[in-house]
1. If you scan region 28-56, which residues turn out to be of a type in the set (S, T, N, Q) and either free of Cβ contacts under 8 Å to residues at least 24 places away in the same chain or more than 15 Å from Leu7 (Cβ to Cβ) (or both)?
2. Would you check if Leu8 is in contact (Cβ under 8 Å) with a residue 12 or more places away in the chain and either surrounded by 14 or more Cβ atoms within 10 Å (Cβ to Cβ) or in contact with a strand residue (DSSP E or B) (Cβ under 8 Å, 6 or more places away or on another chain) (or both)?
3. Looking at region 1-41 only, could you name the residues that are charged (D, E, K, R) and closer than 16 Å to Ile52 by Cα?
4. Which residue pairs have Cβ atoms under 8 Å apart, sit 6 or more places apart or on different chains, and have a first residue in region 11-25 that is within 12 Å of Leu40 (Cα to Cα) and a second that is open to solvent by 80 Å² or more (accessible area, probe 1.4 Å) and modelled with pLDDT of 90 or more?
5. Checking the structure you have, find out if any residue of region 43-54 is among the aliphatic types (A, V, I, L, M), at pLDDT 90 or above, open to solvent by 100 Å² or more (accessible area, probe 1.4 Å) and in contact with a helix residue (DSSP H, G or I) (Cβ under 8 Å, 6 or more places away or on another chain).
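The values are calculated or read from the model by the stated rules, or taken from the named source; none is laboratory data. These numbers come from a predicted model, not from an experiment. Ideal geometry is used to build each Cβ from the backbone, glycine not excepted, and the neighbour counts take in all protein chains shown. Quick note on the areas: whole protein, heavy atoms, side chains included, nothing else; ligands and nucleic acids left out. Shrake-Rupley method; radii C 1.70, N 1.55, O 1.52, S 1.80 Å.
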Amino acid sequence: MEVNRTLLAIGYTLLLLDIFSLLIYRSPATLFPQIIVLILSAFMIIYAISQIRNLK
């Protein structure tokens, strides 16, 4: 249970950092890696939420 909550916290942190970096660094060179991190952090959050729901 704690592992899933930690995974959820890491996913939210990555998501927030990526959104702030998208707002600050609006360069075409950094756009693709930022979108990849955004997608991966969203998948991490969805996975952690589904695992927490399955444990209850």
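1. Thr30, Gln34, Ser50, Asn54
2. It is true that Leu8 is in contact (Cβ under 8 Å) with a residue 12 or more places away in the chain and either surrounded by 14 or more Cβ atoms within 10 Å (Cβ to Cβ) or in contact with a strand residue (DSSP E or B) (Cβ under 8 Å, 6 or more places away or on another chain) (or both).
3. Passing the criteria: Glu2, Arg5.
4. Final answer for the pair search is Leu14/Leu40.
5. Within region 43-54, not a single residue is among the aliphatic types (A, V, I, L, M), at pLDDT 90 or above, open to solvent by 100 Å² or more (accessible area, probe 1.4 Å) and in contact with a helix residue (DSSP H, G or I) (Cβ under 8 Å, 6 or more places away or on another chain).
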